[in-house]
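Step one of this worksheet: look at the structure below.
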Amino acid sequence: MLSIENLSAQYGMFQALFSVNLEVGPGEVVALVGANGAGKSTLLRSIVGSVKVPAVAVRLGGKAVGGRSETEQLLDGIALVPEGRRLFASLSVEENLLVSLRNGRPGPWTMVRLLDHVPVLAGLMSRPSTSLSGGQQQLVAIGRALLSNPSYLLCDEVSLGLSPMAVDVVYGLLDSVKREGTAVVLVEQNVRRALASSSRYYCMQKGRVVLEGKSSSADYARVSTAYFGV
Amino acid sequence: MQMAVETLLNGVMLGALYALFGLGLSLSLGIMRMINIAHGDLIVLGAYLTSAAVEATGFSPFFALLLVLPVMFCLGWSMQMFLLNRVVGRSLFAPLLLTFGISIVLQNLLQEMFTADTRSLRAGELALLGVSPAGISIGVLPLLSAVVSVALLGTTHWLIENTHFGRQARAVSDDPETARLVGIRDRQFFATVTGLIFVSIAIAAALYALRTPFSPTAGPERLLYSFESVVLGGLGSIWGTLAGGVIIGTAQVLGAKLSSGLGPFLGHVVFLIALLVRPQGLFGRASA
């Protein structure tokens, strides 16, 4: 169980999160929706240690793990797919994956396993990561996080800027991640897509969670209202 | 003809050593995005440490160097961990100022500890040995220093291209924030890199001190030659640094042949002309 308790975070004078509470069970898919600037990315970055927060604000299996370094979170099974993919430009596709494989935890995800799930990557391994299409890059970014064998995979805007077909492929990969028993937190702008692929959702607005519930029984109109805050 | 070839060869061998001087600068700029102004003074420090180790143990300079290498690694590791990491990654200027300060402190410390007298490392019989294939005479010592330099540059290049260490180095250079997300502990990693840079500095220092007398104030000039090699070759390219070093070294030896005071001058002239023609350096990318 990954739980966020009473988490507040700020950048300098600007407070980005106001006592946010959120829970993700093992193997669960949770959607996090909200407009730009609602604090979704900040929340994910606080969980993985890129934004410093109090220890008790993030609990993993009951243990207070907030404010630790990214490496410590990674080794305890929390990995982030950052917004905009952020592949290493000087590294080939394979090298991007290898760095994470080597630094992460041992577990079910190996290079062979990943290529089974994403066969399209097999022919691209030696290419520079920047020469790939947006959708392919996103698959590499997700693969890179998976190879560290997380129990909780946090995905920041994985469908942003992709063609509808590429989005389907990316969500296909996330489905297999879910089947492997890895919990996924989906930050999404596309509310329908997010609700369709998750079991529960949280809607954020101006740094606060304003609505939460089961995705299957979510009222799209209410979520939209909460999303835009009008 | 024979003399021209000898001059050229001497220039190339000196240049290979300059490239080794430049290696550390190139790595700290490439991986940590910082310029170490104290680089030249650290070379001089390495020379003094080796010289002190020779005096203390009575070993030959080569064995004494083996004692100095771990000391320099620890020095580099701690300097990065406790001092440089505080300023690295914020702006280019903070490390520049900090290392400028370290440079001044080092020069004065060396003068205090070892006096301002010029010293040199004695290579013994090796300094007198020479080989003469096809009637061209080459000193064994310059040849040895060139071979060691090229071997170290080659090894470094291989490490960067083919190992986990090298992949982490390129990743952290591309994007430190994302590098942390894939489990690279950047601060510890930088400390290790600087430790290794200091090892390369110590080797370069010993080779330099075997050929040239040195004094506590010799650092800035070493820094200048290192810089010229790195910039002329193009930032971020190790073979470029070798090419840059060879060009500067050859120009210096040619200049010294024309008139004894002209050596460094001709090196600088060639550097300036090359920069005017190709501002990005020989192997640099045009946009970078």
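With respect to the conditions (1) facing chain A (nearest Cβ under 10 Å); (2) at pLDDT below 95; (3) farther than 22 Å from A:GLY49 by Cα, B:ASP174 lacks only one, and its number is (3). Evaluated against (1) farther than 18 Å from A:CYS155 by Cα; (2) within 14 Å of chain B (Cβ to nearest Cβ), A:SER8 falls short on exactly one condition, (2).
Candidates are the residues of segment A:88-100 that are surrounded by fewer than 23 Cβ atoms within 10 Å (Cβ to Cβ) and farther than 17 Å from A:THR110 by Cβ; the one that is farthest from the other protein chains (Cβ to nearest Cβ) is A:SER92. Candidates in segment A:53-82 are the residues that are of a type in the set (Val, Ile, Thr) and closer than 21 Å to A:VAL140 by Cα; of these, the one that is nearest to the other protein chains (Cβ to nearest Cβ) is A:THR71. Under the condition of being closer than 16 Å to A:LEU101 by Cα, more than 7 Å from chain A (Cβ to nearest Cβ) and either touching a Ser or Thr at 6+ places or on another chain (Cβ under 9 Å) or buried (at least 17 other Cβ atoms within 10 Å of the Cβ) (or both), the residues counted in segment B:156-171 number 3.
Matching residues to (1) within 14 Å of chain A (Cβ to nearest Cβ); (2) within 30 Å of A:PRO150 (Cβ to Cβ):
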residue: B:ARG180; (1), (2): yes, yes
residue: B:GLY195; (1), (2): no, no
residue: B:ALA202; (1), (2): no, no
residue: B:TYR225; (1), (2): no, no
residue: B:SER237; (1), (2): yes, no
residue: B:VAL246; (1), (2): no, no
residue: B:GLY249; (1), (2): no, no
residue: B:GLN252; (1), (2): no, no
residue: B:SER260; (1), (2): no, no
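When A:SER50 is tested against (1) part of a loop (DSSP other than H, G, I, E, B); (2) more than 9 Å from chain B (Cβ to nearest Cβ); (3) closer than 24 Å to A:GLN15 by Cα, exactly one condition is not met: (2). Figure legend. Inter-residue proximity from segment A:147-170: first residues over 16 Å from A:VAL185 (Cβ atoms), second residues among the hydrophobic types (A, V, I, L, M, F, W, C), beta-carbon distance below 6 Å, spacing 6+ or different chains. Indicated pairs: A:LEU147/A:LEU97; A:LEU147/A:LEU101; A:LEU147/A:TRP109; A:ASN149/A:TRP109. Within segment A:104-118, the set of residues being in a loop (DSSP other than H, G, I, E, B) and not aliphatic (A, V, I, L, M) comprises A:GLY104, A:ARG105, A:PRO106, A:GLY107, A:PRO108, A:TRP109, A:THR110.
Checked against (1) more than 14 Å from chain B (Cβ to nearest Cβ); (2) buried (at least 20 other Cβ atoms within 10 Å of the Cβ); (3) assigned to a strand (DSSP E or B), A:LEU121 meets all criteria but (3).
Table: residues versus (1) touching a Ser or Thr at 6+ places or on another chain (Cβ under 9 Å); (2) surrounded by fewer than 17 Cβ atoms within 10 Å (Cβ to Cβ); (3) among the polar types (S, T, N, Q); (4) not in a helix (DSSP H, G or I).
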{"residue": "B:VAL71", "(1), (2), (3), (4)": "no, yes, no, no"}
{"residue": "B:TRP77", "(1), (2), (3), (4)": "yes, no, no, no"}
{"residue": "B:GLN80", "(1), (2), (3), (4)": "yes, no, yes, no"}
{"residue": "B:ARG90", "(1), (2), (3), (4)": "no, yes, no, yes"}
{"residue": "B:PRO95", "(1), (2), (3), (4)": "yes, no, no, no"}
{"residue": "B:GLY101", "(1), (2), (3), (4)": "no, yes, no, no"}
{"residue": "B:VAL105", "(1), (2), (3), (4)": "no, yes, no, no"}
{"residue": "B:ASN108", "(1), (2), (3), (4)": "no, yes, yes, no"}
{"residue": "B:MET113", "(1), (2), (3), (4)": "no, yes, no, no"}
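Scan segment A:101-110 for residues that are touching a Gly at 6+ places or on another chain (Cβ under 9 Å) and more than 14 Å from chain B (Cβ to nearest Cβ) and the total you get is 1.
The values are calculated or read from the model by the stated rules, or taken from the named source; none is laboratory data. Just so we're clear, the structure is a prediction, and the values are computed from it rather than from any experiment. We place every Cβ from the backbone using ideal geometry, glycine too, and count neighbours over all the protein chains shown.
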